[in-house]
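Below is one structure, written out as structure tokens; the observations come after it.
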């Protein structure tokens with residue numbers, strides 16, 4: 001009887017095991033160019049994989065004669081809850097490599113939202129000192145698909161520590 005109870009207990013324990021979606025050993029999704037609805041990167045070596053199910057915000061819009069691009073992914077890694085990449089009064093083209101610097105006219109930029117406590121969050125952007133790169137790997141106006149890879153450094157808003165965003169990729173549909 002003891003052996004049967006032990007066998008049932010082991011079988012039950014093994015059947016309850018499941019793969020954790022936020023397992024740090026889980027690989028990032030591949031860098032595709034099909035409009036797959038992915039946004040992912042590593043934040044100081046930890047996986048940041050968008051948790052919205054492919055419905056994150058992405059746009060490329062003409063506003064008052066100027067183009068604005070933006071893509072945002074959400075997850076929770078440490079204190080970071082979202083990552084944004086965008087352009088301000090700047091067109092984008094396929095194959096282009098953009099320097100991520102300040103969020104001012106004519107620039108590309110990136111940023112992170114930090115959850116400081118339950119009632120407070122703060123946003124930190126790339127600057128001339130904390131920079132990165134965005135490569136547009138596909139930009140299809142007909143099918144409204146945009147894909148890219150990115151990396152950047154960002155300053156933590158309260159500690160001043162440098163946060164490294166690496167191996168970034170997105171592949172999604174955009175609104176106009």
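Compared with the dominant principal axis of the Cα atoms in the chain, helix 2-15 is inclined by about 10°. Computing FRET efficiency as 1/(1 + (r/R0)^6) for residue 32 and residue 105, where r is the C-beta to C-beta distance and R0 is 25 Å, gives about 0.20. Every helix of 4 or more DSSP H residues in the chain counts as -39500 (n - 2.57), and over all residues that averages to -2500 deg cm²/dmol at 222 nm. Dividing the convex hull volume of the Cα atoms of region 32-173 by its residue count, what figure in Å³ per residue is obtained? Once divided by residue count, the hull of region 32-173 is 107 Å³.
Projection of the Cα convex hull of region 37-109, averaged over all directions and equal to a quarter of that hull's surface, yields 5.6 nm².
Based on C-alpha pairs under 8 angstrom that are at least 6 apart in sequence, the chain has a relative contact order of 22 percent. Here the simple spin-label model places points 7 Å from the Cα toward Cβ, and for residue 93 and residue 63 these points are separated by 2.4 nm.
Values quoted throughout were computed directly from the atomic coordinates according to the rules given, and no laboratory measurement underlies them. Everything quoted here is computed from the prediction, not taken from an experiment. Neighbour counts are summed over all protein chains in view; Cβ atoms, including those assigned to glycine, are modelled from backbone coordinates with ideal geometry.
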